[in-house]
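The structure under discussion appears below in the form of C-alpha cells.
The values are calculated or read from the model by the stated rules, or taken from the named source; none is laboratory data. Note that the coordinates shown come from a computational prediction; the quantities given were computed from them, not determined experimentally. Cβ sites come from the backbone with ideal geometry, for glycine too, and all protein chains shown count toward neighbours.
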Ligand code: F6R
C-alpha cells in the first residue's frame, strides 16, 4: 500500500484527481469505479475543471457507481446516480450510456444486484475510488460483512444512517437499505484509491490500515489487495504510525 499524506482536504482532492487522470491518460478507454459522499466532492470538482480546461477527456471512459439507495424515487436528489450526475458525469464529456449504477427501481432487487455484480466484474475496473465510513465501511459494506461478498441488497447500520442524515431533510428520510458492490467485487479492481479527510476518519483509517484484518473493519480488507494507494489529509492520517511520506 502506498500512503500519500497531504496538507489539507483540497490537496488530497488534487492528488486523487492526479491518479485518476494518470489512468485515463494511459488508457482513455479505462473503466473507473466511482464513490459518492462528501470525500469525493473535491475530487470530482478537480476532474471537471481538468476536463474543461483540457486535454483530459472522458469521452471513451466508462464509470460504475459503488452503491445506490433503495426506496428513493428515481428523481430524488439524493439517489447516488443523481448526485454523481450533478457533481460529475453531466459536467464532463462522458457519454450518457457510459454511466452505470445499480437500478433500485428494478422489480427484483436481488436479481438486479447479481446483474450489476456481473457487469462490474466484466468491466475489469482500472481504478476504484473509495471513501471510508466512520465505522470502517467501504461502499455500504457494514462491519461483519464477509470479504468475499458479492453485490447484494444490504441494510444500512444505524451509525451510517445517522452519518448520512446530513444529506436529507430529516433522519427518518434516510433509506434503510441499499444495493452495494460487495467487498469481493471491490477487491477485483486493478487499482484502488482510498481517500479520507478530517479527524473523524482518523480512527477508521488507523484500524483499517494498521490494525488486524478483520470483518469487523470492512476497509481492513484493503490490506489484502496488491495495488492500493491511500490519500489522506493530516487530520485523517493523525493516528497512523509515523514514517509515511508527506507530500
Ligand atoms: C459512497 C460510499 C460510502 C462513502 C463513505 C464516506 O458511495 O460508498 O462508503 O464513501 O460513507 O462518506 P463521506 O465521503 O461522505 O464521508
**OP:** Six or more apart or on different chains, Cβ under 6 Å: which pairs go from a residue in region 119-130 that's in contact (Cβ under 8 Å) with a residue 12 or more places away in the chain to one that's crowded, with 24+ Cβ neighbours inside 10 Å and in a helix (DSSP H, G or I)? Could you list them?
**Re:** 120/185
**OP:** Please go through region 71-90 and pick out each residue that is in contact with a strand residue (DSSP E or B) (Cβ under 9 Å, 6 or more places away or on another chain) and surrounded by 18 or more Cβ atoms within 10 Å (Cβ to Cβ).
**Re:** 79, 80, 81, 84, 88, 89
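Out of 36, 12, report the one residue that is buried (at least 21 other Cβ atoms within 10 Å of the Cβ), assigned to a helix (DSSP H, G or I), within 16 Å of the ligand (Cβ to nearest atom) and within 18 Å of the chain's Cα centre (by Cα). If you could, list the steps in order and put the result at the bottom.
Values: 36 fails: assigned to a helix (DSSP H, G or I).
Unique residue meeting the criteria: 12.
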Subject >> Members of region 63-78 found to be under 15 Å from the mean Cα position of the chain (by Cα) and outside any loop (DSSP other than H, G, I, E, B), listed by number >> reply: 63, 64, 65, 67, 68, 69
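Tell me yes or no: at least one residue of region 27-36 is farther than 20 Å from residue 132 by Cβ and without any contact (Cβ under 8 Å) to a residue 40 or more places away in the chain.
Taking region 27-36 as the starting set, the residues that turn out to be farther than 20 Å from residue 132 by Cβ are 27-31.
Keeping just the survivors that are without any contact (Cβ under 8 Å) to a residue 40 or more places away in the chain gives 28-29.
Yes, because at least one residue in region 27-36 is farther than 20 Å from residue 132 by Cβ and without any contact (Cβ under 8 Å) to a residue 40 or more places away in the chain.
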Original post:
What do you reckon, is residue 112 in contact (Cβ under 8 Å) with a residue 40 or more places away in the chain, within 15 Å of the ligand (Cβ to nearest atom), under 30 Å from residue 27 (Cβ atoms) and not in a loop (DSSP other than H, G, I, E, B)?
Top reply: no
**OP:** Would you mind finding the one in 77, 55, 28 that is at pLDDT below 95 and out of contact with any helix residue (DSSP H, G or I) (no Cβ under 7 Å at 6 or more places or on another chain)?
**Re:** 55
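Taking the condition within 11 Å of the ligand (Cβ to nearest atom), in a loop (DSSP other than H, G, I, E, B), in contact with a helix residue (DSSP H, G or I) (Cβ under 9 Å, 6 or more places away or on another chain) and closer than 24 Å to residue 30 by Cβ, does residue 132 pass? Break it down into steps so the answer makes sense when it comes.
Numbers: within 11 Å of the ligand (Cβ to nearest atom): yes; in a loop (DSSP other than H, G, I, E, B): yes; in contact with a helix residue (DSSP H, G or I) (Cβ under 9 Å, 6 or more places away or on another chain): yes; closer than 24 Å to residue 30 by Cβ: yes.
Yes, satisfied.
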**OP:** Return only the number of the condition from (1) part of a loop (DSSP other than H, G, I, E, B); (2) touching a strand residue (DSSP E or B) at 6+ places or on another chain (Cβ under 9 Å); (3) surrounded by 19 or more Cβ atoms within 10 Å (Cβ to Cβ) that residue 56 does not satisfy.
**Re:** (2)
Original post:
Hey, any hits in region 41-50 for a residue that's within 16 Å of the ligand (Cβ to nearest atom), loosely packed, with under 15 Cβ neighbours inside 10 Å and either more than 14 Å from residue 20 (Cβ to Cβ) or modelled with pLDDT of 95 or more (or both)?
Top reply: no
Original post:
Which ones in region 170-185 are out of contact with any helix residue (DSSP H, G or I) (no Cβ under 6 Å at 6 or more places or on another chain), more than 11 Å from the ligand (Cβ to nearest atom) and under 24 Å from residue 124 (Cβ atoms)?
Top reply: 182, 184
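Looking at 127, 138, which is the one that is closer than 22 Å to residue 197 by Cβ and away from the ligand (no atom under 14 Å from the Cβ)? Working first, answer last.
Working: 138 fails: away from the ligand (no atom under 14 Å from the Cβ).
Just a single option satisfies the conditions, and that option is 127.
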